[in-house]
Structure formats: C-alpha cells, structure tokens
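Comments concern the structure below.
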Amino acid sequence: RNPPVKEVIDNGLLPVLVRNLGHHWNDWKVLFETAWALTNISSTEYTIDVANAGVINPLHTLLTHHHPDIREQAAWCLGNVAGNSIELRDYLLNIGVLDPLLKIVSEPTNLSQ
C-alpha cells in the first residue's frame, strides 16, 4: 500500500510537520519521525510542496543536531529537495548546506548506528 502522501498534503499537515522540526530540538524521537515523514513525502512527486512548506531552513539547522539519526534524516530530505530541480539545488548550495554535509560524512562520530 502506498503511504497517504496526498492526504497529508490535502489536510494541511505539511506546515505542522515543518513546525515540529523547530519545536522539539531535545526530543530526538519526535524529530526523527517528523524528518522521516518529510523525507518520504519529499521522495514523491510532491517534493516541491515540501520545499514550499518551509522545510529547508529547519532541516539545514538539523544537519548540526547532536543526534546522528536526526542529521542523517535531514540530509536525506535535503537531498530529495536538491534532486527536484537545479534551482532548489543551487538554493541549497547558496545557503551553505554543503559544509555541514561534508562534516557529517568526514567525521565517523557523525554517522548513525
């Protein structure tokens, strides 16, 4: 069965998910589940909806989160967004997502278990 992506969007839940990214910094389980949901949605034909919901800046911030699973999910979701269009890719590069991404892959302590 396919996840109910369109239903999530049609019912206005994308802004709620994006808000969760900024309101639960110390609750890594909520952050992980939220980022995971956004990663899954952004892997569909609704990637631009995820980007337009304001996910980029919170995910950029989460690339430096203390929990490696959060960093990994943020990276996956941003990768999906970057892969959607040249414009989004260039925007992500211009706001500086490459530096924290390079830190994640260059430091073994930054990898998830």
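FYI, it's all coordinate maths here, none of it is from the lab. Only a predicted model underlies this, so the values are computations on that prediction, with no experimental measurement involved. Positions of Cβ are generated from backbone atoms using ideal geometry, with glycine treated the same way; all protein chains shown enter the neighbour counts.
Place +1 on the Cβ of every Lys and Arg and -1 on the Cβ of every Asp and Glu in the chain, take the dipole about the Cα centre, and give the residue among Val18, Ala82, Thr34 whose Cα lies farthest towards its positive end. Working it through, the farthest residue towards the positive pole turns out to be Thr34.
What is the sum of charges around Ser106, taking Lys and Arg as +1, Asp and Glu as -1, for the other residues whose C-beta is under 15 Å from the C-beta of Ser106? It works out to a net charge of -1. Taking θ as phi - 60° and the Karplus parameters 6.51, -1.76 and 1.60, the scalar couplings of region 58-65 work out to x, 5, 4, 4, 5, 5, 10, 4 Hz in sequence order, x denoting glycine and proline.
Placing +1 on each Lys and Arg Cβ and -1 on each Asp and Glu Cβ, with no other charges, gives the chain a dipole about its Cα centre of roughly 120 debye.
Work out the P(r) tail for the chain: percent of alpha carbon pairs separated by more than 21 Å, whole number. Considering the chain, 32 percent of its Cα-Cα pairs are separated by more than 21 Å.
Distance between the C-alpha centres of region 1-37 and region 90-108: 23 Å, rounded to the whole angstrom. For the chain, with a Gaussian network of springs between Cα atoms less than 10 Å apart, report the residue from Gly96, Gly83, Gly22 with the top mean-square fluctuation. Of the options given, Gly96 has the highest mean-square fluctuation.
Modelled this way, with points 7 Å down the Cα-to-C-beta line, the labels at Thr61 and Val105 are 2.6 nm from one another.
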